[in-house]
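Have a look at the structure below before the remarks.
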Amino acid sequence: MLLKSRVPLFNTPLWVFVGEKEKVKFTKKCEEHGADDEVPTGSGCQCGSFVWLKEPELGVFVHEVHHFASATVEFLGIRDENREVEAYILEWAMKDIWPKIALKSDGERQ
């Protein structure tokens, strides 16, 4: 499954690839955007605006979205001393993206 969305406050894209079948597409997108050509291993990975999850696991999703939030803040040059912007992005992802992943993957492990 692939979910495409945008962080509302910044109109920043976030694509979440879920499942072993999506790993190739994730890797290709990362390469297209200048990331190294290393194939992701483990339960999840993040590069730029792309997140890959081997399976729809909440903990892994939060972990990878945290990396996305940190990278977004850095890329946009935001001084986020109290990390409120990162927290906003995490909250948005949990409210907007995670329910879609959970709903689409209910009962089907990829």
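In terms of packing, defined here as the mean over residues of other Cβ atoms within 10 angstrom, the peptides 43-53, 62-72 line up highest first as 43-53, 62-72. Within the chain, Cys45 have no other Cys Cβ under 4.7 Å of their Cβ and so lack a disulfide-compatible partner by this rule. Summary of packing: across the peptides 82-92, 8-18, the per-residue average of other C-beta atoms within 10 Å ranks them, highest first, as 8-18, 82-92.
Amide H contacts of Leu14: Ser5, Arg6, Val7, each under 5 Å away and 5 or more positions distant or on a separate chain (H built 1.01 Å from N in the peptide plane; Pro and chain starts excluded).
Rounded to two decimals, the Cα radius of gyration of region 1-52 over 2.2 N^0.38 Å is 1.10.
Run the paramagnetic zone check for Ser5: 7 angstrom along Cα to Cβ, then residues of region 63-97 with backbone nitrogen under 14 Å. Flagged as within label range: 63-66, 68-69, 88-97.
Among beta bridges identified by DSSP and lying wholly in the chain, the antiparallel ones come to about 70 percent.
Ordered from largest to smallest accessible area (heavy atoms of protein chains, 1.4 Å probe), the residues Lys29, Lys54 come out as Lys54, Lys29. The mean accessible area for residues of region 1-76, using a 1.4 Å probe and ignoring ligands and nucleic acids, is 54 Å² per residue.
With distances taken between every two different alpha-carbon atoms, the chain has a Kirkwood hydrodynamic radius of 14.1 Å. Put a dot 7 Å past the Cα of His66, heading toward its Cβ, do the same for Lys25, and the two dots end up 2.7 nm apart. Report in % the part of the accessible area of region 27-96 that belongs to carbon and sulfur, leaving out ligands and nucleic acids; probe 1.4 Å. Carbon and sulfur: 51 percent of the exposed surface of region 27-96.
Within region 27-76, the proportion of C-alpha pairs whose separation exceeds 16 Å stands at 40%.
Estimated at 0.36 nm per residue, the fully extended path between Lys100 and Glu74 surpasses their Cα-Cα distance by 6.7 nm.
The values are calculated or read from the model by the stated rules, or taken from the named source; none is laboratory data. Keep in mind that what you see is a predicted model, and the values were worked out from it rather than measured. Because the Cβ atoms are built from the backbone with ideal geometry, glycine has one as well, and the counts that use them run over all protein chains shown. Ligands, DNA and RNA are excluded from the accessible area calculation, which covers all protein heavy atoms including side chains. Shrake-Rupley method; radii C 1.70, N 1.55, O 1.52, S 1.80 Å.
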